[in-house]
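A.B. asks: Let me give you the structure first, and then I'll get to my questions.
What follows is calculated from the coordinates using simple rules that are stated; it is not laboratory data. Because the structure is predicted, anything quoted here is derived from the model rather than measured. Positions of Cβ are generated from backbone atoms using ideal geometry, with glycine treated the same way; all protein chains shown enter the neighbour counts.
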Amino acid sequence: MWKWFLILAVLSTPLSAERETNFGRVILDQCDLIVQGVASAMRTQVRGAHRVEISIETVLYGEEAATDVSMFYTDPESIGADATRALFALKRLADGGYNLVGKPVLTPLGDAEEDDKVRVCRDFVKLEKLAEGDERTAEFWTLLSEHIRLGGYPAQNAAVELMFIARDRGSTVTQERFDAVVAARDAALSRLTKATQADLKLGFQGLVEARIKKLKFKTVRRGETNKEKRDAARELNDLQIAYPRAFTEEDAKLCDALIKVAKDTLLEDKLLELARNVRADVRERESDERRKEADARRKIEHAGK
């Protein structure tokens, strides 16, 4: 959760082996308490930070006996100027009070997604309490499919988690798990915003790049029958059409090498098609980049006149 904070963390934070999820790594590892409550409209400037009192309604993670706590934060954009009801992740300070971790997840009265936001938090806290291992990993993938099917906020969060998996946990990706999250997306399309659909596609692209295409190429090389090899090559072509940016010139070169040792004309044709499509897309992307660079140079030159 905490979508943009998590996306930035996905790109910048090293893997914590003790946590299953990105939420665990960038939220639970950084905080002592997660609460749902109301931050007062009264704010106090304390040196380089702001102080606000939070009236706690529910504790979702950690322990806190008090019903009101002081929260310190440095970014004035973290919460609005008025009283703010939200989920707050908090890091306990030695001399009392808490620092805000990340950005609050707003849950104003009447918020249609409040239950889903609380559910996502509870589900991930519960998951991270399980013993580290294959069973917890399997539970994590099942949870992602469930959240995608729910649509709305849970699906938004699941998309961010998929990006984390693609970057740091590619070894946990299997064909079955990939198929499950794609099927969940397809079943939930009417409940997904365009932004969430785009984020999910980006996450799937990462999974293809990190693991799925490698599994397919392995089958092309070592499949027991020509049919099995052909099917894998056909599926690679389908993946390239759906997620072109997951493929690079190195994949085209791999196709070239496989064509040389292939003993099946139909397989050769599929690999040749894949290599051509990959190279065409790479050339188009490179051309787009050159156009963007040229446009940027023209703007700079124009600004200097």
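A.B. asks: Could you check the simple spin-label distance between ALA195 and ARG245, using points 7 Å along Cα→Cβ, in nm with one decimal?
C.D. replies: Inter-label distance under the simple model: 1.7 nm.
A.B. asks: Distance between the C-alpha centers of the stretch 253-305 and the stretch 43-95? Whole Å please.
C.D. replies: Each part reduced to its Cα centre gives a spacing of 50 Å.
A.B. asks: Please list, by residue number, every one of the chymotrypsin sites (Phe, Trp or Tyr not before Pro) in the stretch 129-180 that is coil in DSSP and has at most 15 other beta-carbon atoms within 10 Å.
C.D. replies: In loop regions of the stretch 129-180 (DSSP not H, G, I, E or B), there are no sparsely surrounded chymotrypsin sites (Phe, Trp or Tyr not before Pro).
A.B. asks: How far, in degrees from 0 to 90, does helix 213-222 lean away from the longest principal axis of the Cα atoms of the chain, to the nearest 10?
C.D. replies: 30
A.B. asks: Further, regarding this structure: Label-point separation (nm) for SER287 and THR58, each offset 7 Å from Cα along Cα-to-Cβ?
C.D. replies: 5.4
A.B. asks: Here's something else I'd like to know. Please name whichever of ALA246, THR67, VAL173 sits farthest to the positive end of the charge dipole of the chain, dipole taken about the Cα centre and charges placed at Cβ: Lys and Arg +1, Asp and Glu -1.
C.D. replies: ALA246
A.B. asks: Turning to a different aspect of this structure: Straight-line reach only, C-alpha to C-alpha below 28 angstrom: list the lysines that LYS117 could link to, leaving out same-chain residues fewer than 8 apart.
C.D. replies: Correct list for LYS117: LYS3, LYS91, LYS103, LYS126, LYS129, LYS194, LYS201.
A.B. asks: Please list, or write none, the lysines whose alpha carbon is within less than 17 Å of the alpha carbon of LYS260, excluding same-chain residues fewer than 8 places away.
C.D. replies: Excluding near neighbours in sequence, the set is LYS218, LYS229, LYS270.
A.B. asks: Shifting gears a bit: I'd like the Karplus ³J(HN,Hα) series for the stretch 172-185: coefficients 6.51, -1.76, 1.60, θ = phi - 60°, whole numbers in Hz, and an x wherever there's a Gly or Pro.
C.D. replies: Result, rounded to whole Hz: 8, 7, 10, 4, 5, 5, 4, 4, 5, 6, 5, 5, 5, 4.
A.B. asks: Ranking request for peptides 233-239, 218-224: highest mean number of other beta-carbon atoms within 10 Å first, then the rest in descending order.
C.D. replies: Highest mean packing first, the order is 233-239, 218-224.
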